[in-house]
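What follows is a single structure, and I will ask about it in a moment.
No lab work stands behind these numbers, since they all come straight from the coordinates. Quantities reported herein were computed from a predicted structural model and do not represent experimental measurements. Glycine gets a Cβ as well: all are built from the backbone with ideal geometry, and neighbour counts include every protein chain shown.
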Amino acid sequence: MTIAWKVLAAAAAAAALLSGCSSVSLDEGAKEGTLAGNQAAQQQTVQDPFTDPSNPLSHRSVYFAFDSYEVSPEYAAIVEAHAKWLAEHPNVKIVIQGNTDERGGREYNLALGQKRSEAVRQRMQLLGVTGDRVEAVSFGKEKPVATGHTEEAWAQNRRADIVYPEGTGAQTK
């Protein structure tokens with residue numbers, strides 16, 4: 001009987017050992033304080049610059065004052081960030097879409113939208129982006145983002161949108 005007890009004791013010990021191991025994480029990245037754990041934590045905190053609201057790249061619209069196509073200083077950081085990103089990705093071409101509010105005639109709004117998109121394009125060129133990589137187009141009043149006949153709605157529609165092609169990591173709104 002002593003051999004049977006030894007086999008039974010060994011089996012019980014093995015079962016206890018195996019059941020104890022089931023609660024141990026095999027994920028090396030989950031161990032805080034280890035090199036793998038620190039790397040996993042760093043990877044989780046890195047956000048896509050195009051979706052991080054604190055990053056200027058997440059903003060792809062430049063807004064304009066009424067009847068104006070001058071890029072105001074408050075939007076300079078956005079234009080600069082996109083120009084820098086484009087400099088780092090020389091194979092990417094973008095489109096800048098100029099828009100207006102609903103007031104004014106069709107031809108006037110198309111011309112004003114074009115001037116707005118050209119103003120952003122020109123800023124990017126001054127920052128080193130070649131002109132052949134930036135297409136400037138106008139939608140006039142045909143592509144509003146806000147409906148309504150209020151100053152708030154009109155202000156949201158007076159803009160130039162920076163549009164990246166799909167697959168660049170810069171997903172459009």
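For the range 109-139, which residues satisfy the criterion of being touching a residue at least 12 places away in the same chain (Cβ under 8 Å) and among the hydroxyl-bearing types (Ser, Thr, Tyr)?
If the condition is that a residue be touching a residue at least 12 places away in the same chain (Cβ under 8 Å) and among the hydroxyl-bearing types (Ser, Thr, Tyr), then Ser117, Ser138 are the ones that fit.
Suppose we filter the range 104-117 for residues that are more than 23 Å from the chain's Cα centre (by Cα) and under 12 Å from Val71 (Cβ atoms); how many remain?
So the count comes out to 1.
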